[in-house]
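The values are calculated or read from the model by the stated rules, or taken from the named source; none is laboratory data. Every value quoted in this text rests on a predicted model; they were computed, and no experiment measured them. Glycine also receives a Cβ, built like all others from the backbone with ideal geometry; neighbour counts cover every protein chain displayed.
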Amino acid sequence: MEAIKEALASDIIDCIATDHAPHSKAEKELSFEEAPFGFIGLELAFSLTYTYLVKKNILSLEDLVKKMSYTPAKILGLKDKGYIKEENIADLAIVDLGSRWKVAEEDLLSKSKNTPFLGYELEAEVICTIHRGKIVYKKSG
C-alpha cells in the first residue's frame, strides 16, 4: 500500500479509476469459484480517496481531482471533458468537503451493496452529480 501511495504522490501513477462491479447478492453468495469478481467502487470512490489520500497529505485536492477527471479523460481522448470551461457540456460532481459520514448499506444507490467499506467513517460527500448538463443525482434531505 505504501508503494501505491508513493507512486500516486510522485505521479508514477497519474490516474485513479474504479472497476465498479455491482453484482447481485445472489451472485456474490455463490461459491468462491463461481462468484463474479469485484464490488461496487464508483459510488464511494471520491470520498475514499479524499479521506485516505487528501486528508492524509498524500495528494492535494487539486491533484486528486486531476487524477480522477482530467487525466482519465485525456488518456481516453475525450475532448472537452475532465475540466470546467465555458461552453463545455457540464459533467461534474458537487462535493461537501466538510461532511463526515458512515458508509451504510441502506444509503448505497448501486444495484449491489457489496463493499468491504460498510461501516467506514469517510469525509467529503458527493451531494450532486451533473451529467451532460442535467442533474442526475441530488442527495435528499
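So how many residues does the stretch 92-141 have that are on the phi > 0 side of the Ramachandran plot and outside any strand (DSSP E or B)?
Adding up the residues that qualify gives 4.
List the residue pairs whose Cβ atoms are under 8 Å apart, where the first residue sits in the stretch 1-17 and is in contact (Cβ under 8 Å) with a residue 40 or more places away in the chain and closer than 21 Å to Leu76 by Cβ, the second is in a loop (DSSP other than H, G, I, E, B) and of a type outside the set (S, T, N, Q), and the two are 6 or more positions apart or on different chains.
Between residues of the stretch 1-17 that are in contact (Cβ under 8 Å) with a residue 40 or more places away in the chain and closer than 21 Å to Leu76 by Cβ and residues that are in a loop (DSSP other than H, G, I, E, B) and of a type outside the set (S, T, N, Q), the close pairs are Leu8/Ile16; Leu8/Ile58; Leu8/Leu59.
Any chance the stretch 16-32 includes a residue that's of a type in the set (A, V, I, L, M) and at pLDDT 95 or above?
Yes - at least one qualifying residue is present in the stretch 16-32.
Specify which of the listed residues (Lys81, Lys85) is surrounded by fewer than 11 Cβ atoms within 10 Å (Cβ to Cβ), modelled with pLDDT under 95 and in a loop (DSSP other than H, G, I, E, B).
None of the other options fit; the residue is Lys85.
Among the residues of the stretch 30-64, how many are farther than 17 Å from Trp101 by Cβ, of a type in the set (Asp, Glu) and surrounded by 11 or more Cβ atoms within 10 Å (Cβ to Cβ)?
Count: 1.
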